[in-house]
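The structure appears right after this line, and notes come after that.
The values are calculated or read from the model by the stated rules, or taken from the named source; none is laboratory data. Here the structure is a predicted model, which means the values were calculated and not measured. Glycine also receives a Cβ, built like all others from the backbone with ideal geometry; neighbour counts cover every protein chain displayed.
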Amino acid sequence: MSLKRKINVAVTGLNAIDSPGPGVPVIRALKESKLFDVRIIGLAYETLEPGIYMHDLVDKTYQIPLPSAGKAALMARLKYIHSKEKIDIIIPNFDAELFNFIKLADALKKEMKINSFLPTIEQFDERHKPNLPEFAIKHKIKVPKSKMIFNVSDIPSLSKEFTYPLVVKGKFYDASVAYTPEQVATYFNKISGKWGLPIIIQQFLYGQEVNVTAIGDGKGNCVGAVPMRKQYITDKGKAWSGISIDDKKLLAMTSKLMKSTKWKGGMELEIIKTANEEYYLIEINPRFPAWVYLAKGCGQNHPEALVRLALGEKVKPWTQYDIGKMFVRYSYDLIVELKEFEKISTLGEL
Amino acid sequence: MKLKRNIAHSDSGFVFDPNTGDSFSTNPIGIEIIKMLKDGKDINEIRAAMLKIYMVDESAFEKDYYDFITMLSKLKLTEDEPKEKN
C-alpha cells in the first residue's frame with residue numbers, strides 16, 4: 001500500500017528541441033517524489049512537443065492557447081481541463097507564458113482551488129533582461145553593462161559605449177555573440193523577428209559560465225540551490241552536459257538574492273565567473289531550468305519542494321547536495337502512432 | 001605551495017576540482033606528488049621520497065617538479081602561487 005499522497009499536477013514546457021523546455025525534467029523529478037503519487041496533466045502548445053507522447057511520464061495532455069491569445073482564453077481552457085482532471089497544482093515552465101499564469105494565479109486558486117507557487121508580477125518584471133541594470137543596483141550585484149535598442153539605426157553608435165564582442169539578446173529567449181556591427185544587425189533582425197522588441201545589447205564577458213537552479217519560499221529564504229558548470233554547450237548556448245560544483249561564493253550570491261528579492265518559486269541564475277573570480281549575473285530565469293533534474297540527482301528535489309510550497313507546507317531548506325554529479329543530455333526518437341498525432345491535432349487532447 | 005583542500009583524485013590519475021567542475025588526468029607519478037601535497041608534505045620531503053623510489057637525479061627531479069607545480073597553479077588547483085626556486 002502506497003503512503004504517498006495522490007495529487008494532480010499540470011505542467012507546461014513539454015518541448016524538447018535543441019533549446020528544451022523544463023517540463024519533462026520537472027515531471028521526472030515529480031514522478032520520483034517520495035512524498036507524492038503524481039498524476040501529470042501535460043499542457044502543450046504544439047502537437048509535436050515530445051512530452052505529449054511520453055505516456056510513462058505524462059498521463060494526459062491538453063493543448064492550451066498560445067500566450068498571445070491572452071489570459072481570458074487561457075482561463076477558459078483551464079476551466080475545461082480542470083473539469084476533467086481536478087488539477088491540484090499548476091507548474092508553468094516558459095518565460096513567455098508566465099505573465100498570464102501569474103495574473104491568473106489568484107483566480108485559479110479562488111475559483112478552482114488550483115494552487116501554484118509563482119513569483120509576483122513585481123518580481124517577474126524587475127528581473128526582465130531590459131531591467132537588469134536597475135535590478136543590479138537595487139540588489140547590489142554585478143551585471144555586465146547592457147542597454148536596449150529598438151532599431152537597427154541604434155547599432156553604429158554601440159561602439160562608443162561597448163567593446164566588441166557584444167551579446168545580442170531577445171527579450172525572452174535567444175542570445176548570440178556578435179563581433180562586428182554587421183553581425184549585431186543580423187542577430188537584431190533574426191531575434192526581433194522571433195521574439196519582438198526590444199533587443200538587449202550586453203557587454204560580452206570572458207569567463208566561465210556557471211548556473212544555479214534554486215527555489216525561494218517567497219519570504220526571503222533559499223529552500224534549495226544547486227550550482228552547475230556547463231561542460232558541453234550547444235551552438236544555442238544550451239548545456240548538453242554539466243556538473244554540480246562546490247562554489248560557496250555562488251551559493252552565497254544566490255542566498256543574498258533570495259533574501260533581497262524574497263523570490264517565490266523556482267529560478268535559474270546565469271552567471272559569468274571571470275578569471276579574477278568576479279561573478280556577473282547575466283540573466284535570471286523566473287522558472288526552473290531544463291537541467292533541474294540534476295538538482296534531484298544531487299539530492300535536492302526542487303520540483304517536489306515547489307509542490308509542497310504550493311500546497312502551503314513548510315519546507316526545510318536543504319543544506320547540502322552531491323558535488324561532482326553530472327548530467328549528460330541525449331535525444332531519443334519516440335515512435336508515435338498516427339492516431340495519437342491525429343487525436344491531439346484534432347481534439348486538442350491525448 | 002598548498003593544493004586546494006577539496007581537490008579530489010583517484011589512483012587512476014583522475015583529478016577533480018569541485019569548485020570549478022574541471023577535471024584532469026595525470027600519470028602515476030603526478031598522482032603520487034598530488035597525494036603528498038595533500039598530506040602537507042613540503043618539497044624536501046617529496047624530493048626525498050621520489051629520489052628513494054625512482055632513478056632520477058636531484059636537478060632533473062626539481063625541474064620536473066616545478067614544471068608540475070606551475071601547471072597545478074595555472075590550472076588553479078593550488079591555494080597560492082608556487083614559491084620561487086632558490
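Miscellaneous remarks
- Per-region count, region A:221-249, residues at pLDDT 95 or above and more than 19 Å from A:Tyr293 (Cα to Cα): 1
- Only listed residue being hydrophobic (A, V, I, L, M, F, W, C), assigned to a loop (DSSP other than H, G, I, E, B) and either buried (at least 17 other Cβ atoms within 10 Å of the Cβ) or within 17 Å of the chain's Cα centre (by Cα) (or both), chosen from A:Ile81, A:Ile102, A:Ile87: A:Ile87
- Strands (runs of 3 or more DSSP E) (entirely within region A:1-67) containing at least 2 residues that are out of contact with any helix residue (DSSP H, G or I) (no Cβ under 9 Å at 6 or more places or on another chain): A:5-11
- Residue match in region B:42-56 (condition: of a type in the set (Asp, Glu), under 11 Å from the mean Cα position of the chain (by Cα) and exposed (fewer than 15 other Cβ atoms within 10 Å of the Cβ)): yes
- Some residue of region B:38-45 being at pLDDT below 95 and either closer than 17 Å to B:Leu75 by Cβ or of a type in the set (Phe, Trp, Tyr) (or both): yes
- Candidates in region A:1-44 are the residues that are hydroxyl-bearing (Ser, Thr, Tyr) and over 16 Å from the mean Cα position of the chain (by Cα); of these, the one that is modelled with the lowest pLDDT is A:Ser2.
- Test for A:Lys160: is it touching a His at 6+ places or on another chain (Cβ under 8 Å) and assigned by TED's automatic domain parsing to the domain that holds A:Ser192: no
- Residue in region A:203-210 that is away from chain B (no Cβ under 14 Å) and of a type in the set (Phe, Trp, Tyr) present: yes
- The sole residue among A:Ser260, A:Ser241 that is within 28 Å of B:Asn6 (Cβ to Cβ), in contact (Cβ under 8 Å) with a residue 60 or more places away in the chain and hydroxyl-bearing (Ser, Thr, Tyr) is A:Ser241.
- The set of residues in region A:246-272 being buried (at least 20 other Cβ atoms within 10 Å of the Cβ) and within 12 Å of chain B (Cβ to nearest Cβ) consists of A:Asp247, A:Leu250.
- Listed by first and then second residue, the pairs linking a residue in region B:21-48 that is more than 14 Å from chain A (Cβ to nearest Cβ) to a residue that is surrounded by fewer than 16 Cβ atoms within 10 Å (Cβ to Cβ) and part of a strand (DSSP E or B), with Cβ atoms under 8 Å apart and 6 or more places separating them unless they lie on different chains, are B:Ser25/B:Phe14.
- Residue under evaluation A:Glu122, criteria (1) under 30 Å from A:Ala252 (Cα atoms); (2) surrounded by 15 or more Cβ atoms within 10 Å (Cβ to Cβ); (3) out of contact with any Ser or Thr (no Cβ under 8 Å at 6 or more places or on another chain); (4) free of Cβ contacts under 8 Å to residues at least 40 places away in the same chain, criterion not met: (2)
- The criterion of at least 3 residues that are within 29 Å of A:Leu205 (Cα to Cα) and touching a Phe, Trp or Tyr at 6+ places or on another chain (Cβ under 9 Å) is met by the following strands (runs of 3 or more DSSP E) wholly inside region A:250-350: A:264-273.
- The sole residue among A:Leu57, A:Leu35 that is without any contact (Cβ under 8 Å) to a residue 60 or more places away in the chain and of a type in the set (A, V, I, L, M, F, W, C) is A:Leu57.
- Subset of region B:7-20 [without any contact (Cβ under 8 Å) to a residue 24 or more places away in the chain, within 14 Å of chain A (Cβ to nearest Cβ) and either in a strand (DSSP E or B) or surrounded by fewer than 17 Cβ atoms within 10 Å (Cβ to Cβ) (or both)]: B:Ala8, B:Ser10, B:Phe14, B:Phe16
- Among the residues of region A:211-240, the ones that are among the small types (Gly, Ala, Ser), crowded, with 16+ Cβ neighbours inside 10 Å and either within 14 Å of chain B (Cβ to nearest Cβ) or more than 14 Å from A:Met267 (Cβ to Cβ) (or both) come to 1 in all.
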